Amino acid sequence: MTILATLKSRFRTALAGLTDEVDTCLDLIRASGDPKFGDYQANFCMPLGKKLGRPPREVAEEVVGKLELDDLCGPPEIAGPGFINLRVKDARLIEQLTAAVTDARLAVATVEQPRTYVVDYSGPNVAKPMHVGHIRSTVIGDALCRTLRFVGHKAISDNHIGDWGTQFGMILYGYKHFVDAKAYADNPVQELARLYRLVRQLVDYHGGRAKLPVLKDKITQQENVLKQRTAEAGEKPDKKTRKTLRKLETDLAETREALKSLESQLAAVDGDALLSKLAAEHAEIGTAVLQETSKLHASDEENLRLWKEFLPACEDEIERIYGRLKVTFDHTLGESFYNDRLGPIVDELLAKGIARESDGATCVFFDGQDVPMLVRKKDGAFLYATTDLATLGYRMETFRPDAVLYVVDHRQSLHFEHLFTTAGRLGYDDVELKHVSFGTVLGDDGRPFKTRSGDTVGLEGLLDEAVRRVAAIVAENDDAKPSGSELSAVDRSNVAETVGIAAIKYADLSQARTSDYVFSYDKMVATRGNTATYMQYAYARVRSIFRRGDVDIDALRTSGATILLDSPAERALAMELLQFGEAIELSLADYRPNQLTSYLFELANRYSTFFEECPVLKAESDELRQSRLLLCDLTARTLQKGLELLGIDVVDQM
RNA sequence: GCCCUCGUAGCUCAGAGGAUAGAGCAACAGUUUCCUAAACUGUAGGUCACAGGUUCGAAUCCUGUCGGGGGUACCA
């Protein structure tokens, strides 16, 4: 039990009879923001006093009088308008730390009521190279699963891959027309990726050609509207008109920008002899690709056979990246898996009156919203929403979850709002459906990463670049060690891989989930401040102490050596160590991994201070040496476990 | 038009209605006979976009204004 939980239970007893809103009060007991107010503070006397019509300090007096905390804290202090400040007794800290020393869970309790979660994350389109846009979902989802499991929940990870979309139409078309048989035999993944890119480029080219006059028209139209409005507005337009004009100007600028980029895209093909020849020969490629996709969906024998042949190669490709990220899934049930359920779910929606026809499409409408959710197109094809409903149905039947978490970009919040409302109408009402949304990955220019076209950074290239940059730092630091370099070439390369991947993951996890994320190598690979490297470094320093002191830490843990907390640095470290469980709880309360990263940063900080101020191997006495070794051990294990919950590894030496 | 989000130090960002708003970069000033200086210590830096409101108490909740981003019927 965390110290906070113990405090709450004591307060619960003391509050009995005083109010019937005990839980509300208990929520106002927190770790102190400022050490000078002690370790914990209870803030409920002000609202409670108001409610009871009594002075808050008087209420505080009464509560303090009833509190039995002598074994846990020093005398409570009533401060300011009615805060109760608590300082945990060192003896209690020592007792809890001692328990953690021999506990594999570091004295973090499991939850009383375990739940079953289905966590939907990553979800790349196979057969398309994974890019930087996939990193957030993958990393956050993985961290949530690990953390949920650690506290005793059942977390079922399910990778809802896109294995049934238009990209297969492209590959099918490419395979039938452009395949290099030898290249395919040698390395199917690489060849399929080439085919995808080629067909994609040709489709975009013809699409772009068709779009060109449309864009030009649009620009003329926008120019005219702007001119007309400007004239109408006169010399002194009011505020609202000015705003409208400004909007028209930015719209026009955007359209011009789009035209420019389209023209350069077309020029790239036109300027390439081979590409322009292919483009001319495959003028109808756009519709042909859609036909290949429809044939696949209609179980065309050849296309289905080819799809089954391509799929394993595509899955191997994404598995390789997951292997490097050390991300695993319990299930990988892609869109194709739900193909048979799409028709029936639409029928059900219609039969129950949840959906109806509109403009030839099948739609679900929502109160107060003009936009419906489409579940079947005019041409009979199903959509994203249809698959998601079918998927939810399957998950409910199969896993019987208490909660389903969708770790998906916040731009899809409307989709999930629709999806969840519809699920409620279908009768899925005793399950928590949660869109764990996250901010967009932005480029250096502050614009969202393009998913359809443009130069996206491939995920693998990103990992390589991060590792390469870290490798340089590893070499530089190892060379600069006072007693000479310690790492072999192999060691250095392993450290670079672990630290590099960690840097990428941590940069993402330490950011508040809902805010946008600016992709930057420098930020990801920074070695200072709130970074994985800082924690890994703290961990490595502990390991270094054990190595140099030739410490048998297993023996020490069971030796019954006592922990001493005489210096401020030791006490601060101890207090921080004991708040690991609270940090995990906070992190899970709204699925925010950055709560855990903040905690670990704070812990590593406390350790660094301790490291500077408290000699371990050269401690004044043997007793103190053993105590400090135990603190080092607890710190290392907490850092390791905390990072592990985020999907990040540590290294013994760096 | 409607809906959703964001606006906090020069920069990048934390901040569960609680006390004097915090980190990291960058700046400045220190710390290597000592367990890894990928570190530590200190200084400086703020009208929490603006205006009202609710509250004992607001960066946080509500309303409005200004500014940024996103979404908005047959892509996923």
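The values are calculated or read from the model by the stated rules, or taken from the named source; none is laboratory data. Nothing here was measured: the structure is a model prediction, and the numbers come from that model. Please note: Cβ atoms are built from the backbone with ideal geometry, for glycine as well, and neighbour counts cover all protein chains shown. With ligands, DNA and RNA removed, areas are computed over all heavy atoms of the protein, side chains included. Shrake-Rupley method; radii C 1.70, N 1.55, O 1.52, S 1.80 Å.
Of note:
- The residues of segment A:338-371 that are touching a helix residue (DSSP H, G or I) at 6+ places or on another chain (Cβ under 8 Å), open to solvent by 30 Å² or more (accessible area, probe 1.4 Å) and within 14 Å of RNA strand B (Cβ to nearest atom), listed by number, are A:Asn339, A:Arg356, A:Val371.
- Residue count for segment A:581-590 under the criterion of being more than 7 Å from RNA strand B (Cβ to nearest atom) and either within 25 Å of A:Thr102 (Cα to Cα) or not aliphatic (A, V, I, L, M) (or both): the result is 6.
- Test: residue in segment A:383-405 that is open to solvent by 10 Å² or more (accessible area, probe 1.4 Å), within 27 Å of A:Phe438 (Cβ to Cβ) and at pLDDT below 95: yes
- Residue within segment A:215-228 that is touching a residue at least 40 places away in the same chain (Cβ under 8 Å) and open to solvent by 60 Å² or more (accessible area, probe 1.4 Å) present: yes
- If you go through segment A:1-38 and keep only what is closer than 17 Å to A:Ile78 by Cβ, touching a helix residue (DSSP H, G or I) at 6+ places or on another chain (Cβ under 9 Å) and open to solvent by 20 Å² or more (accessible area, probe 1.4 Å), you end up with A:Leu18, A:Leu28, A:Arg30.
- Subset of segment A:603-623 that is within 11 Å of RNA strand B (Cβ to nearest atom) and farther than 11 Å from A:Leu573 by Cβ - its residue that is most open to solvent (accessible area, probe 1.4 Å): A:Lys618
- Scanning segment A:499-515 for residues that are more than 10 Å from RNA strand B (Cβ to nearest atom) and out of contact with any helix residue (DSSP H, G or I) (no Cβ under 6 Å at 6 or more places or on another chain) returns a single hit, A:Ile501.
- Among residues that are within 41 Å of the chain's Cα centre (by Cα), open to solvent by 40 Å² or more (accessible area, probe 1.4 Å) and closer than 20 Å to A:Lys277 by Cβ, A:Asp186 is not included.
- Of all residues in segment A:241-270 being more than 40 Å from the chain's Cα centre (by Cα) and open to solvent by 70 Å² or more (accessible area, probe 1.4 Å), the one that is modelled with the highest pLDDT: A:Asp270
- Within segment A:516-547, the residues that satisfy the criterion of being more than 8 Å from RNA strand B (Cβ to nearest atom) and free of Cβ contacts under 8 Å to residues at least 60 places away in the same chain are A:Tyr521, A:Asp522, A:Met524, A:Val525.
- Subset of segment A:591-602 (residues that are within 8 Å of RNA strand B (Cβ to nearest atom) and either out of contact with any helix residue (DSSP H, G or I) (no Cβ under 7 Å at 6 or more places or on another chain) or hydrophobic (A, V, I, L, M, F, W, C) (or both)): A:Arg592, A:Ser598, A:Phe601
- Flag not set for A:Val59, criterion: free of Cβ contacts under 8 Å to residues at least 12 places away in the same chain and open to solvent by less than 70 Å² (accessible area, probe 1.4 Å).
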